[in-house]
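Report on the structure given below.
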Amino acid sequence: MPGRTKKKLPPSKSFEKIKGQFYFGDEPSQMRTIASKTKELRELPLMVSIKDFYGRERKKESLKKQGMLQMLKSETLMLGLDSGAFAAYGRDVSFDVAETADIYRAANLRPQDFVINLDEPTKPTTPPDLAREKVENSIKNYNFLRDQLAGVTVAPVIQGWSKRLMKRSLATVAPDAKIVCFPSYLYLLAKSKGYEREALKRRVIKHFREVITMIHKDPDLAEEVRIHSLGVGSPEIAAALWGAGVEQLDSAKWRVLAGFGKVCFAFDEDESDPKVRRGTTAIPVAGKPGSWGYRKWQPWHDTMLKNCECPVCIGLDLNERKTALGFGEHSGKTTARCIHNLFQYKKERDVAREKISQGTFHDFLLRKRLRRGSLAHQIYKTLTEPHFQQLTVDQFFKQRR
Ligand SMILES: [Zn+2]
């Protein structure tokens, strides 16, 4: 088979292989609030959107003086910056790539940090001509940012639904790229229902498979290139993707859930109560009933809350914990729920990384985490089934170590 020999690049010292990396994303001001509460959360890998810096001269000046890390009051070893293009997608906002370059430069990043290209998002319903144009614009922006930002890792995004457009996107990725991103498109599922949702789900899973295979098989990419799936909300889908060889992801869902009055739990591995669902869960406890969702608080959630060691819960009794998290309140306490949820997501990430390093992740996923028939289970099954070319998690990490 032609083209399977990979170019060997010298191993990078600052970019050691990272297994199951999770960037906890949000806007700078919110991350700063959270980071100021506890040292542990200050050290989490962060993915921060720069969308609030566009057109704001004073904010840009302040960023230039401090650098992004100091602005966030963070000490994280891993920082990623997102252009904010996706957050503004569909609204009448346009970003200028020169300004993106200025903001990224002002952030004063370190060698291990990275920025994401100012890409122009496409979706299944984007007309082909427009999709092609968006992909070409994204490529232009990628080349521009690489040119302007010497010493900064610029991560390209593989845009497009059709294989042809994805190939075009991938062909322009520099051979020394350290990270290649692709959109997860999971947000599309949240907006669809019934038959449409089922069809879309199959298509989204197929897309995962196509884009991951394509990146893996690309002979021009360095062996140490990392794959990053953008905007993966739940820890279960994160785990499914880690299991399938996607090294890193980002999520701000813990914060969105907190905003909707929900608290999250990652289940303990030794959970013996058969009523307890696998994986993770989010239960509405505050806010408007319309946004509450269907899961009700159950007696075992009391046990989980009692066991929580997050900075909000620790040292409080059960009722104090409930008050601190805003149980039954209509508004407020969002930051407390953010911290609690973030801590639970982090716990789940830590478990995954431990299992990956022990070589027991596959078994753990199927036995403890992925509910049969759930979206995460379907994604994992499709990405790891025998006739699919994707490597198993063990093969994957051995081959790419
Ligand atoms: Zn807690």
Within the stretch 149-245, which helices (runs of 4 or more DSSP H) (wholly inside it) include 2 or more residues that are within 16 Å of the chain's Cα centre (by Cα)? 186-190, 194-217, 235-243
Yes or no: residue 373 away from the ligand (no atom under 12 Å from the Cβ), assigned to a loop (DSSP other than H, G, I, E, B) and without any contact (Cβ under 8 Å) to a residue 40 or more places away in the chain? yes
Criterion: over 21 Å from residue 207 (Cβ atoms), more than 16 Å from the chain's Cα centre (by Cα) and modelled with pLDDT under 80 - qualifying residue of 401, 367: 401
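Find the residue count for the stretch 296-306, including only residues that are within 11 Å of the ligand (Cβ to nearest atom) and either modelled with pLDDT under 90 or not assigned by TED's automatic domain parsing to the domain that holds residue 283 (or both). Let's see the steps before the verdict.
We begin by selecting, within the stretch 296-306, every residue within 11 Å of the ligand (Cβ to nearest atom); these are 304-306.
If we keep only those that are either modelled with pLDDT under 90 or not assigned by TED's automatic domain parsing to the domain that holds residue 283 (or both) as well, we get 304.
The qualifying residues number 1.
State the number of residues belonging to the stretch 323-363 that are farther than 18 Å from residue 311 by Cα, without any contact (Cβ under 8 Å) to a residue 24 or more places away in the chain and either buried (at least 20 other Cβ atoms within 10 Å of the Cβ) or within 16 Å of the ligand (Cβ to nearest atom) (or both). Let's see the steps before the verdict.
Narrowing the stretch 323-363 to residues farther than 18 Å from residue 311 by Cα: 328-331, 351-363.
Remaining after also requiring without any contact (Cβ under 8 Å) to a residue 24 or more places away in the chain: 354-355, 358, 360, 363.
So of that shortlist, the ones also either buried (at least 20 other Cβ atoms within 10 Å of the Cβ) or within 16 Å of the ligand (Cβ to nearest atom) (or both) come out as 355.
Qualifying residue count, the stretch 323-363: 1.
Residues checked against (1) modelled with pLDDT of 80 or more; (2) acidic (Asp, Glu):
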| position | (1), (2) |
| --- | --- |
| 7 | no, no |
| 32 | yes, no |
| 38 | yes, no |
| 41 | yes, no |
| 46 | yes, no |
| 101 | yes, no |
| 113 | yes, yes |
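Based on what the data block shows, is residue 153 within 24 Å of residue 98 (Cβ to Cβ) and either crowded, with 16+ Cβ neighbours inside 10 Å or in the same structural domain as residue 212 (by TED's automatic domain parsing) (or both)? Explain how you work it out, then say what you get.
Details: within 24 Å of residue 98 (Cβ to Cβ): yes; either crowded, with 16+ Cβ neighbours inside 10 Å or in the same structural domain as residue 212 (by TED's automatic domain parsing) (or both): yes.
Answer is yes for this residue.
Table: residues versus (1) among the charged types (D, E, K, R); (2) surrounded by 22 or more Cβ atoms within 10 Å (Cβ to Cβ); (3) in contact (Cβ under 8 Å) with a residue 24 or more places away in the chain.
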| site | (1), (2), (3) |
| --- | --- |
| 21 | no, no, yes |
| 56 | yes, no, no |
| 77 | no, no, yes |
| 81 | no, yes, yes |
| 122 | no, yes, yes |
Report, by residue number, each residue of the stretch 189-242 that is crowded, with 17+ Cβ neighbours inside 10 Å, under 18 Å from residue 373 (Cα atoms) and among the hydroxyl-bearing types (Ser, Thr, Tyr). 234
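Conditions tested, residue by residue: (1) away from the ligand (no atom under 16 Å from the Cβ); (2) acidic (Asp, Glu); (3) in the same structural domain as residue 181 (by TED's automatic domain parsing); (4) under 18 Å from residue 115 (Cα atoms).
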{"residue": "220", "(1), (2), (3), (4)": "yes, yes, yes, no"}
{"residue": "224", "(1), (2), (3), (4)": "yes, yes, yes, yes"}
{"residue": "230", "(1), (2), (3), (4)": "yes, no, yes, yes"}
{"residue": "235", "(1), (2), (3), (4)": "no, no, yes, no"}
{"residue": "244", "(1), (2), (3), (4)": "yes, no, yes, no"}
{"residue": "248", "(1), (2), (3), (4)": "yes, no, yes, yes"}
{"residue": "252", "(1), (2), (3), (4)": "yes, no, yes, yes"}
{"residue": "265", "(1), (2), (3), (4)": "no, no, no, no"}
Exactly one of these conditions fails for residue 186: (1) over 20 Å from residue 251 (Cα atoms); (2) buried (at least 17 other Cβ atoms within 10 Å of the Cβ). Give me its number. (1)
Select from the stretch 115-137 the residues that are touching a strand residue (DSSP E or B) at 6+ places or on another chain (Cβ under 9 Å), at pLDDT 95 or above and either of a type in the set (Val, Ile, Thr) or over 24 Å from residue 59 (Cβ atoms) (or both) and list them in ascending order. 115, 116
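The values are calculated or read from the model by the stated rules, or taken from the named source; none is laboratory data. Computed from a predicted structure; not experimentally measured. Note that we place each Cβ from the backbone using ideal geometry, even for glycine, and neighbour counts take in every protein chain shown.
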